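The block underneath contains the structure these notes are about, expressed in structure tokens.
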Amino acid sequence: MFDKALELLKIFNDNGYEAYLVGGFVRDYVLGKKSADVDVCTNATPKQIQEIFKEVRLPFEQYGSVHLNYKKVNFEITTYRMDFEYEDKRKPSKIMYTDKLIIDLKRRDFTMNTLCMDLNGKIIDLLDGIKDIKDKMIRVVGSADKRLKEDSLRILRAIRFATELNFSLDDGLKEAIFTYRGNLKGLSYYRKKQELNRIFSSPNVNLGMDLLRYFGLSDYLGIDLSRKVVRTNDPIGIWAQVSPDDKYQFTSNEKTYLKAIKKVVNDGNISDWEIYREGTYVCYIAAQILKIDEVNIYDHFDSLPIKKTSDLAMNGKQIIDYLELNDKSLVKKIINDIERKVVLKKLVNSEDDIKKYLLNNYSNL
Ligand code: ATP
Ligand code: MG
């Protein structure tokens, strides 16, 4: 990945443009960590980039960045730019391209995110990013007050990076977070969720939670921070512990998990019935929250006499016929009862045993 990234810079260079790796990739490289995607900044405009890499599509938004998959690595390429006049606190009202790297670096959020790497792999540190990384300190580029006022997403990014990297927030940044936290109300729930997901996915999630609490962000983010959370293998387990307000959008899968995890956690108990009904994954996460040994869950599932309703030795139609039921709405209830008895090994899953059970319990319907 590293070699391919430098190769890409060389192509820009051979075509007469400047280009540097920048942002997360270089920061993570200095920290000895792997990065998933690579950000590149260049003085080439999207059109000029397209002349070099024919497959590139021009960004949808004016001044948007260009995506390029070069030798199976994803690059996000942005043309040097300056932002000014922030109006809606999130999007700059005007952007202009510039041909100066330093101007582009000054519009970036934190000093550690302004590090660049040139085509020889040399680090370029124009705004003292290395020092702040060494000090494990998140420091805003320029005036924290001005930069947080411009864009409230930076508040969440700061807390997210502090969590992921186990860094501290510089005093000026902390003060500005208190001053501008109210602007988080105007930040889209999509963005909020993205950043919170990163915080909730981190092994260091409790530092993140402490920071969210310290800055009193509960109301601004629409999550409940009153209790300490237990770390789970999936961020959905943290979402289940912070009761997000309805404006957060979850996929239907996430919604199912959220509801089921909450239910199991509220019941406070994970029997074979919960494992059967809600599945191993939900119970695994719920067990982590409840601090119950989660490893056993998979063994318990393996030893269940049935795994799904259709594994029952009698189906709904057979039950209706056998009991000569007129009120067919009862059958669901009866199946549920049999299922539960079978799962909890109080009834053997054979047609004979189920019939006997039906006679004893439901023959007078
Ligand atoms: P990661 O990829 O791990 O999330 P990153 O720092 O690369 O971290 P990106 O969202 O990929 O984060 O952004 C790339 C770079 O763009 C950042 O390093 C930073 O320089 C700049 N940047 C991103 N978001 C903002 C912002 N809201 N305000 C100012 N600069 C930003
Ligand atoms: Mg990045």
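Here is a check on your reading of the model: is Arg191 within 13 Å of ligand 1 (Cβ to nearest atom), touching a Lys or Arg at 6+ places or on another chain (Cβ under 7 Å), basic (Lys, Arg) and within 18 Å of Leu212 (Cβ to Cβ)? Walk me through how you get there before you give the answer.
Values: within 13 Å of ligand 1 (Cβ to nearest atom): yes; touching a Lys or Arg at 6+ places or on another chain (Cβ under 7 Å): no; basic (Lys, Arg): yes; within 18 Å of Leu212 (Cβ to Cβ): yes.
Judged against the criteria, Arg191 is not a match.
Considering each of Arg154, Arg139 in turn, give the residue that is closer than 26 Å to Lys247 by Cβ, crowded, with 20+ Cβ neighbours inside 10 Å, among the basic types (Lys, Arg) and touching a strand residue (DSSP E or B) at 6+ places or on another chain (Cβ under 8 Å). Reasoning before the result, please.
Details: Arg139 fails: closer than 26 Å to Lys247 by Cβ.
Exactly one residue qualifies, and that residue is Arg154.
Do the conditions hold for Asn69, that is, is it of a type outside the set (A, V, I, L, M), loosely packed, with under 15 Cβ neighbours inside 10 Å and within 16 Å of ligand 2 (Cβ to nearest atom)? In short, yes. In the range 16-34, the qualifying residues are those that are open to solvent by 50 Å² or more (accessible area, probe 1.4 Å), within 16 Å of ligand 2 (Cβ to nearest atom) and assigned to a loop (DSSP other than H, G, I, E, B), and the one that is farthest from Phe167 (Cα to Cα) is Lys34.
Remark: Ala162 falls outside the filter, which requires a residue to be away from ligand 2 (no atom under 16 Å from the Cβ), open to solvent by less than 30 Å² (accessible area, probe 1.4 Å) and over 17 Å from the mean Cα position of the chain (by Cα).
Could you list, in sequence order, all residues of the range 36-65 that are within 12 Å of ligand 1 (Cβ to nearest atom) and open to solvent by 20 Å² or more (accessible area, probe 1.4 Å)? Show your work before the answer.
Filtering the range 36-65 for residues within 12 Å of ligand 1 (Cβ to nearest atom) gives 36-41, 65.
Answer for the range 36-65, where residues must be within 12 Å of ligand 1 (Cβ to nearest atom) and open to solvent by 20 Å² or more (accessible area, probe 1.4 Å): Ala36, Asp37, Asp39, Ser65.
Exactly one residue out of Asp37, Asp104 is at negative phi, within 16 Å of ligand 2 (Cβ to nearest atom) and modelled with pLDDT of 95 or more, and it is Asp104. Residues in the range 35-51 that are outside any strand (DSSP E or B), among the hydroxyl-bearing types (Ser, Thr, Tyr) and closer than 18 Å to Phe12 by Cβ: Thr45 only. Taken over the range 117-140, the criterion of being under 30 Å from Lys185 (Cβ atoms) and more than 16 Å from ligand 2 (Cβ to nearest atom) is satisfied by Asp132, Met137, Arg139, Val140.
Quick one: which helices (runs of 4 or more DSSP H) lie wholly within the range 81-190 and hold at least 2 residues that are over 27 Å from Leu31 (Cβ atoms)? Output list reads 144-150, 171-180.
Scan Lys333, Lys328, Lys356, Lys317 and give me the residue that is outside any helix (DSSP H, G or I) and either more than 19 Å from Asp272 (Cα to Cα) or open to solvent by 60 Å² or more (accessible area, probe 1.4 Å) (or both). It would help to see each step written out before you state the result.
Details: Lys333 fails: outside any helix (DSSP H, G or I); Lys356 fails: outside any helix (DSSP H, G or I); Lys317 fails: outside any helix (DSSP H, G or I).
Criteria check complete, one pass: Lys328.
The values are calculated or read from the model by the stated rules, or taken from the named source; none is laboratory data. Since the structure is predicted, the reported quantities are computational estimates derived from the model, not experimental observations. So basically every Cβ, Gly included, is an ideal-geometry build from the backbone, and we count neighbours across all protein chains shown. What goes into the accessible areas is simple: the full protein's heavy atoms, side chains included, and nothing from ligands, DNA or RNA. Shrake-Rupley method; radii C 1.70, N 1.55, O 1.52, S 1.80 Å.
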